[in-house]
Amino acid sequence: MDKLKWKKKIIIIGKNSFIGSNINIYLQNKFKVININLNQFKKLKKNQLKKFDYICNCSVNKKYIHNKYNTKNDIDLQIANIIKNNKINYIFLSSRKIYKPKFNTNEKQNPNPIDIYSHNKVITEKTLKKILGSKLLILRISNVIGFKIRKNKRQVNKTFFDNYIESVKNKSEVNYYNLFKDFISIEQLADYFYYAINKRLTGKFNVSLGKKIYVKEILGWLNKYNKNKKNFICLKTPKTLINKTSFTLNNNKIYKLIKYRPSKNELKKFCVNISKSIH
């Protein structure tokens, strides 16, 4: 019998998205994966959907990011209503921004969203839980570092790494504060996906490195081969600003179940390799 029939089957929605396109490539040899856009997904019939174990949406409506919550802009809600009577599990990509910035935040911390986007994420989390119940996996993801596989003219949200690449391309001067953040590479995020799906996880989990990575530190890795690294100027960082904006996420909950925890050294090597490839 074909071994592929025994593999878990995954639908990733968002062909041109940063996370979707990367995760698709990483999981291809481990699961049976199809990477499609939202319109293609909506054309799938019920008997086709029954063949899959997980669906993950990586696409987002621009209005969902910038405007007050409206069900019309919530793509995850649309998908949940389509699959609610199916046994398929749903992976919802939430954000670390649903928490108030602080060190070592765990999932017991009540959401305290810091912007419209994260406020909308909290609403979607609660709505999906009502619709899908135990079939829902919520991943609250920290800052992700990595290249976009496909250029997306409809990109609606810029990451730390997007801003870095833009600064390098323009050779512009960058003044920054040395705050600490919780970064992971796209490869580490893909590993989280693999272990979570393989263990058939449901529930809500922080997905993070779980360690302090200072901006000066990660820029040092990314700029290792950059001849214009002097363009990046670290300003004296007010202690009050560190306390208000720096953060890490506690990942102990998911570690206990999947026994995977990404390392700082892996992230460093990933960033240095990026530096070599772009500089």
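The values are calculated or read from the model by the stated rules, or taken from the named source; none is laboratory data. Treat the numbers as computed from the prediction; the structure is a model and nothing was measured. Heads up, the Cβs are rebuilt from the backbone with ideal geometry, glycines too, and the neighbour counts pull from every protein chain shown. These accessible areas exclude ligands, DNA and RNA; they are computed on the full protein's heavy atoms, side chains included. Shrake-Rupley method; radii C 1.70, N 1.55, O 1.52, S 1.80 Å.
Points to keep in mind about this one:
- Put simply, the chain fits an ellipsoid with semi-axes of 32, 21, 19 Å; these come from the alpha carbon gyration tensor as the roots of five times its eigenvalues, largest first.
- Take every DSSP beta bridge whose two residues both sit in the chain; close to 5 percent of them are antiparallel.
- Inter-centroid distance (Cα atoms) of the range 225-268 relative to the range 191-220, Å: 12 Å
- Ordering of 31-44, 9-22, 81-94 by burial proxy (mean other Cβ atoms within 10 Å per residue, highest first): 9-22, 81-94, 31-44
- Each stretch of four or more DSSP H residues adds -39500 (n - 2.57); spread over every residue of the chain, this sum gives -11500 deg cm²/dmol at 222 nm.
- Most tightly packed first, judged by the mean number of other beta-carbon atoms within 10 Å of their residues, the peptides 175-185, 63-73, 110-120 read 175-185, 110-120, 63-73.
- Listed cross-link partners Lys43/Lys87; Lys63/Lys264; Lys62/Lys181 are compared with a 29 Å cut-off, the Cα-Cα value being larger for Lys63/Lys264.
- Relative contact order of the chain, defined on C-alpha pairs under 8 angstrom at six or more residues apart (%): 20 percent
- Computed in the context of the full set of protein chains, the accessible area of the chain at 1.4 Å probe radius has 49% of its extent on carbon or sulfur.
- Amide proton proximity set for Phe92, modelled H, under 5 Å, gap of 5+: Leu137, Ile138, Leu139
- Cα-centre dipole for the range 12-148 with unit charges at Cβ (Lys and Arg positive, Asp and Glu negative), debye to 20: 320 debye
- Label-point separation, Lys227 to Lys45 (7 Å along Cα→Cβ), nm: 6.0 nm
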